Structure formats: C-alpha cells, structure tokens
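See below for the structure under consideration.
Readers should treat all values here as calculations from the given coordinates under stated rules, not as data from a laboratory. None of these values were measured; they are calculated from a predicted model. Because the Cβ atoms are built from the backbone with ideal geometry, glycine has one as well, and the counts that use them run over all protein chains shown.
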Amino acid sequence: MTLQAPLSELFTRSKFMILDFAHIPVDTKPEENIQLFFEECEHQGRNPRLPENRQQFNNSMLTSTGMRYLVSQYGEDRSAMLVGSQIAREGRTLHMGIDIFSKNLENVYAPCDGEIVRTGFEDEAHSYGHYIILKPSEDIGVLFFFGHLSKELPALGSVHAGDQIATLGDYHNNENGGWSRHLHLQCIRSLPAEGQTPIGYASKTSFEEQRGNFPNPFDYFPQWHVL
C-alpha cells in the first residue's frame, strides 16, 4: 500500500527540527537552534515551554527556512521539553511517534482507505487533546493515531485516501492538549482499551520493547523526504 501525505506538501516541504539538545549539531544556524531559544527565553524571564513561546520559535524557523513543516525524529529524547512534568518524573522521555509542527491550523487527510474506529478527547493539560484512530483497509500491521486536533472530529466509519478527516487544534482552551500547533502521528499495533490512548513516551529501559508496539512512522512513509 502506498500511503498519501496526511498534510498538504508534507513530503516536499519538511525540515527536521532537533529537539534533543544533546544532538543539535554545533554548526546549526542560530534561528534553527531551539536550545538557544530556550536560553534566551529563560534569560528574559519567559517560560520557553509555553505553547505560545514554542509557536514563536516554530514560526521563526519556518519563515527562515521557507518550509511548511518542522518534523521531529522518532525515538527522540525530549528531556529538555519535559522538565517539571509528570512524564519526566517517571523517566519517560523518548518520544514514540513523530511530531509535525506548522504555522497554521492545517487540514489533516486520510493517508489511505480505511475506517475511523475511534475519536476522543483528553482534557488534561499536556495531553493529546482531540484525537483520531484510523484503521487502514489493507492490513499493514498498524493503525494510525493522530493527536492534537481541533474539536471538529469526523464520524466513525469508512474514509478514502485523501479525504479530510480533521484540522490541527490550537492551544487556546486546551483544544489540542496545550501544545504549539502540530500533529502527533504514531503507529500503533492494536487498538487501545476503550477510554485509553497509546503511551506517547517510553523510558530508556523500555524503549526497545515499546518500539515493537509503536513502530517508526517513517518506515510506513518511505517517500517522505525531510531535509
């Protein structure tokens, strides 16, 4: 099965944004170095983890690079992003999906024919907010989980590749869980129990086990060219 892009121009106008401070190359341009942005915010007495401040950095980097999306890497250590959170206190800092950041509240499209088997909403701060689970019509071994969406969710049932199924949510009123504008894309092997969602982070000791449950999305989108 050839999967389509879940966001317009995603395969052609994407750039990696490294969120693991320990792996930011020394020659990274200042406007693309989120660690420098964090340090500047903290020097000014601003919290760089607030969604409006993160959005400021994302917008600046998107403008300077001419890209439409900034894409995280699978299995990335998000320790710096999660300081002070319950997730960090539990030692779960390795991200089990990929995040796709944008300036605008982009439309989300079905990457394949399939069925919307679940929609839902988590109202806690720093949660998934509104989300969708899509089961492909062809058995490819995974379902697709889309998080941080707007409240306008689709009905359960069949969809076709390329159908609009959602729009990205905003951080106002915790619509998207309280994050800068982005899509959380995660591959899951099975449907979670009713009322539950897949874990978004693993610990360093559990990562190898959990990657079997939540494989790398890039493996399913081989045509994705990220600069």
| task | Apply the Karplus parameterisation 6.51 cos²θ - 1.76 cosθ + 1.60, with θ equal to phi minus 60°, to every residue of the range 90-107 and state each ³J(HN,Hα) to the nearest whole Hz, in sequence, with x for glycine and proline. | result | 7, x, 9, 10, 8, 6, 8, x, 10, 10, 10, 8, 8, 6, 9, 7, 5, 6
| query | Length gain on complete extension for the stretch residue 47 to residue 189, per 0.36 nm per residue less the alpha carbon to alpha carbon distance? | reply | 47.5 nm
| query | Taking Cα centroids, how far is the range 1-71 from the range 189-203 in Å? | reply | 26
| request: Using the charge dipole of the range 1-127 (Lys, Arg: +1 at Cβ; Asp, Glu: -1 at Cβ; taken about the Cα centre), state which of 64, 116, 2 has its Cα farthest towards the positive end. | output: 64
| Given 0.36 nm per residue, what is the gain on full extension from residue 88 to residue 8 after removing their alpha carbon distance, in nm? | 25.5 nm
| task | Go ahead and run the numbers for FRET between residue 104 and residue 205, Cβ-Cβ distance against an R0 of 35 Å, rounding to 0.05. | result | 0.35
| task | Just tell me which aspartates and glutamates come within less than 20 Å, Cα to Cα, of residue 204; anything on the same chain fewer than 8 places away is out. | result | 20, 76, 77, 90, 99
| Environment charge of residue 28, counting only residues whose C-beta is closer than 14 Å and scoring Lys/Arg +1, Asp/Glu -1 | -3
| query | the range 76-129 to the range 152-167: how many Å between their Cα centroids? | reply | 19
| message | Under 8 Å for C-alpha pairs, at least 6 residues apart: give me the relative contact order for the chain, rounded to a whole percent. | response | 24
| Residues of type aspartates and glutamates that residue 103 reaches as a straight line, Cα spacing below 20 Å, ignoring anything fewer than 8 places off in the same chain | 9, 31, 32, 52, 152, 170, 175
| query | How many nm is it between the label spots at residue 135 and residue 151, if each spot is 7 Å from the Cα in line with the beta carbon? | reply | 2.9
| message | Between residue 117 and residue 63, what's the calculated FRET efficiency when r is the beta-carbon distance and R0 is 35 Å? Round to 0.05. | response | 0.40
